[in-house]
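**Student:** Below you'll find the structure I mean.
The values are calculated or read from the model by the stated rules, or taken from the named source; none is laboratory data. All of these numbers come straight from a predicted model, not from anything done at the bench. Cβ coordinates were reconstructed from backbone atoms using ideal geometry, including for glycine residues, and neighbour counts include every protein chain displayed.
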Amino acid sequence: MTQIPPGDPAQPTPPAPQYAEQYPQQQYPAPGGAYPQQYGQPAPSKSNGMAIGALIAGIVALLFCLIPIVGVISILAGIAAVVLGLMAMKKVPEAGGRGMALAGMITGGIGALVAIVALVLTLVVFNEASDDIDDWNDEIEEINEQLEQDLEELENQG
């Protein structure tokens, strides 16, 4: 059998595979170019700093309202939340944040009221405890006096 050496003009060359037809190429933008915008840019978000401050102060007021000594912080934070919330409500048309301002006012008001009630109850309990301690002290002094009198009577008898 005779073989034709490669590269012989008598041998037909097979056609080159057409990969470009099988796998279409995706068009990429030129370097430095931008991709086309499909939906447009999002609207700039509005933020109302006073509304955010009111919400944070209101949460702080709720967190500290039941701690007896630290409850004063809750009262101050609650007042600040209500004031910031009212100021933020005036800015709602320009800056938004109505929900945060309202939530800050509500949480601040509740936190301050609960802290005031807790503070009053704490003072009442401490006052009652102080009165009870004074009563016990008086009773102990009476018992000591009675014991001293009984001891003197025993010494005089014996």
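**Student:** Run Thr107 past the list (1) surrounded by fewer than 20 Cβ atoms within 10 Å (Cβ to Cβ); (2) of a type in the set (Val, Ile, Thr); (3) in a helix (DSSP H, G or I) and report the number of the one that doesn't hold.
**Tutor:** (1)
**Student:** Additional query: Identify, from the list Ile73, Ile59, the residue that is assigned to a helix (DSSP H, G or I) and farther than 25 Å from Leu123 by Cβ.
**Tutor:** Step by step, each of Ile73, Ile59 is checked, and only Ile59 is assigned to a helix (DSSP H, G or I) and farther than 25 Å from Leu123 by Cβ.
**Student:** Hey, among Leu154, Leu66, Leu86, which residue is hydrophobic (A, V, I, L, M, F, W, C) and at pLDDT 90 or above? Before you say what the answer is, go through the steps one by one.
**Tutor:** On the way: Leu154 fails: at pLDDT 90 or above; Leu66 fails: at pLDDT 90 or above.
Leu86 is the lone residue from the list that is hydrophobic (A, V, I, L, M, F, W, C) and at pLDDT 90 or above.
**Student:** Also, I was wondering about something else. Can you tell me which residue is nearest to Ala81 (Cα to Cα) among those in the range 91-101 that are hydrophobic (A, V, I, L, M, F, W, C) and over 16 Å from the mean Cα position of the chain (by Cα)?
**Tutor:** Val92
**Student:** When both residues are 6+ apart or on different chains and their Cβ atoms are under 7 Å apart, which pairs have a first residue that lies in the range 113-132 and is surrounded by 11 or more Cβ atoms within 10 Å (Cβ to Cβ), and a second that is among the β-branched types (Val, Ile, Thr)?
**Tutor:** Here the result reads Ala115/Ile75; Ile116/Ile75, each pair linking the range 113-132 to a residue that is among the β-branched types (Val, Ile, Thr).
**Student:** I've got another one for you. So which residues in the range 118-154 are farther than 30 Å from Pro68 by Cα and either aliphatic (A, V, I, L, M) or not in a helix (DSSP H, G or I) (or both)?
**Tutor:** The answer is Ile140, Ile143, Leu147, Leu151, Leu154.
**Student:** Another question, if that's okay. Might you let me know whether the range 87-100 holds any residue that is of a type in the set (A, V, I, L, M), without any contact (Cβ under 8 Å) to a residue 40 or more places away in the chain and within 13 Å of Ile52 (Cβ to Cβ)?
**Tutor:** Yes: one or more hits.
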